[in-house]
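The values are calculated or read from the model by the stated rules, or taken from the named source; none is laboratory data. Since we're looking at a predicted model, the values are computed, not measured. No Cβ is skipped: glycine too gets one built from the backbone with ideal geometry, and neighbour counts run over all protein chains shown. All accessible areas refer to the heavy atoms of the entire protein, side chains included, with ligands and DNA or RNA removed. Shrake-Rupley method; radii C 1.70, N 1.55, O 1.52, S 1.80 Å.
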Amino acid sequence: LKVLIIGYNEQESFGLHIKEGLHELGHDCDLFDLRVTSQIIRSNKLLNKLYDLYRLTEAGEENICQRIIIKIKEYLPDIILTTHDFLTPKQLKDIKNESNALLMMWFPDHIGNFGRAFFINGQYDYLFFKDRNICNILNKEYGLNAFYIPECANTKRQHKADLSVKDKELYDCDICTVGTMHTSRINMLNNFTEYNVKIWGPKPKYWAPID
């Protein structure tokens, strides 16, 4: 199968992990990067932020859609797989009009990150989530082809490593998680104060109730 993955092509990105996993299974894959192609904009935080805002405009959405369609015509995939709810229903309709490939979304986050939930009206052939409850609701209430896929690891990149004494001092803990300290995560981790917990990610906001 030829699979075109739509997401971010960078170290530890969800799309890159999927690409490597599908390659391991013997499939032909390519990863379309939604971000701007200009390295000048990518390397400048302000310009990058402005481009992210442009992406949300009608003109920006049309620009991205046309870039994707050009890639589809070049690559001729059997499956188009988005790695989040990136595309609007209009973009997905335009893509459907240009390709007979199966259109799928693999959503890696929890329900709190549904945002505008474009996928509900997105004409996807299949949807994949890591939460069975999400799948049950989307199946029963909306009639969507939503399926459960458990979280997994890319063992090519994520594996046990030999640690020095200094490494052990830095990384040793009872519980470890990676991500932002959003309110629900803070609330949950408050139940584990008797353990040595380490969270790897951006510095918490000033309002976060963390002692």
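Choose one answer from THR57, THR155, THR183: the residue with the largest mean-square fluctuation in a GNM of the chain with alpha-carbon springs under 10 Å.
THR183
Residue by residue through the range 198-203, which ³J(HN,Hα) values in whole Hz follow from phi under the Karplus form 6.51 cos²θ - 1.76 cosθ + 1.60 (θ = phi - 60°), with glycine and proline marked x?
Computed from phi, the couplings for the range 198-203 are 10, 10, 9, x, x, 4 Hz.
For the chain, count the residues as N, evaluate 2.2 N^0.38 Å, and divide the Cα radius of gyration by that value, please.
Working: Rg = 19.5 Å, N = 211, 2.2 N^0.38 = 16.8 Å.
Output field value: 1.16.
Please list, or write none, the lysines whose alpha carbon is within less than 19 Å of the alpha carbon of LYS93, excluding same-chain residues fewer than 8 places away.
Straight-distance partners of LYS93: LYS71, LYS73.
Evaluate the distance, in nm, between pseudo-label points positioned 7 Å from the Cα of ILE137 and of VAL197 along their respective Cα→Cβ axes.
Between ILE137 and VAL197, the simple spin-label model gives 2.4 nm.
Check PHE147: other-chain or 5+ apart residues with amide H under 5 Å from its amide H, H built from backbone geometry?
Amide H to amide H, under 5 Å and 5 or more residues apart or across chains, PHE147 pairs with LEU127, PHE128, PHE129.
Using a ≥ b ≥ c from the Cα gyration tensor of the range 13-98 (square roots of the eigenvalues), is it rounded, prolate or oblate, where a/c under 1.5 gives rounded and otherwise the larger of a/b and b/c decides, a/b for prolate? Don't skip to the answer; put the middle values down first.
On the way: a/c = 2.15, a/b = 1.31, b/c = 1.64.
In terms of gyration-tensor shape, oblate.
With the cut-off at 1.5 for a/c, could you classify the range 1-53 from its C-alpha gyration tensor as rounded, prolate or oblate? Don't skip to the end; give the middle numbers.
Numbers: a/c = 3.53, a/b = 2.77, b/c = 1.27.
Verdict is prolate for the range 1-53.
Using a 1.4 angstrom probe on the protein heavy atoms only, could you order SER164, SER13, SER43 from most to least accessible area? Before the final figure, lay out each step's value.
Details: SER164 55, SER13 10, SER43 95 Å².
Final ranking, largest accessible area leading: SER43, SER164, SER13.
Taking the dipole about the Cα centre of the chain, with the C-beta of Lys and Arg at +1 and of Asp and Glu at -1, give me whichever of SER43, ASN190, ALA153 is farthest to the positive side.
SER43
Per the helix-only calculation at 222 nm, which mean residue ellipticity applies to the chain, given -39500 (n - 2.57) for every DSSP H run of n ≥ 4 and division by its residues, nearest 500 deg cm²/dmol?
Details: 8 runs with 79 residues, N = 211.
Taking each H run of at least 4 residues, the total per residue is -11000 deg cm²/dmol.
How much accessible surface does CYS29 have with a 1.4 Å probe, in Å² rounded to 10?
Roll a 1.4 Å probe over it and CYS29 shows about 10 Å².
To the nearest 10 Å², what's TRP200's accessible area with a 1.4 Å probe?
Solvent-accessible area, nearest 10 Å²: 90 Å².
Could you go through the range 119-126 in sequence order and give the Karplus-derived ³J(HN,Hα) for each residue, using 6.51 cos²θ - 1.76 cosθ + 1.60 with θ = phi - 60°, rounded to whole Hz, and x for Gly and Pro?
Result, rounded to whole Hz: 4, 4, 10, x, 6, 6, 6, 9.
Going from most exposed to least, what order do VAL3, VAL197, VAL165 have by accessible area with a 1.4 Å probe? Mind showing how you got there, number by number?
Values: VAL3 10, VAL197 40, VAL165 110 Å².
Correct descending sequence by accessible area is VAL165, VAL197, VAL3.
Let me check something: with ligands and nucleic acids excluded, how do HIS159, HIS110 order by accessible area (1.4 Å probe), largest to smallest?
Values: HIS159 120, HIS110 75 Å².
If we order HIS159, HIS110 from most to least accessible, we get HIS159, HIS110.
Report the Cα centroid-to-centroid distance between the range 57-79 and the range 92-169 in angstrom, as an integer.
Rounded to whole Å, the Cα centres lie 20 Å apart.
Sort the range 69-163 into rounded, prolate or oblate with this rule: let a ≥ b ≥ c be the square roots of the eigenvalues of the Cα gyration tensor; rounded if a/c is under 1.5, and if a/c is not under 1.5, prolate when a/b is larger than b/c, oblate otherwise. Kindly include the intermediate steps, with their values, before the conclusion.
On the way: a/c = 2.27, a/b = 1.24, b/c = 1.82.
The shape class here is oblate.
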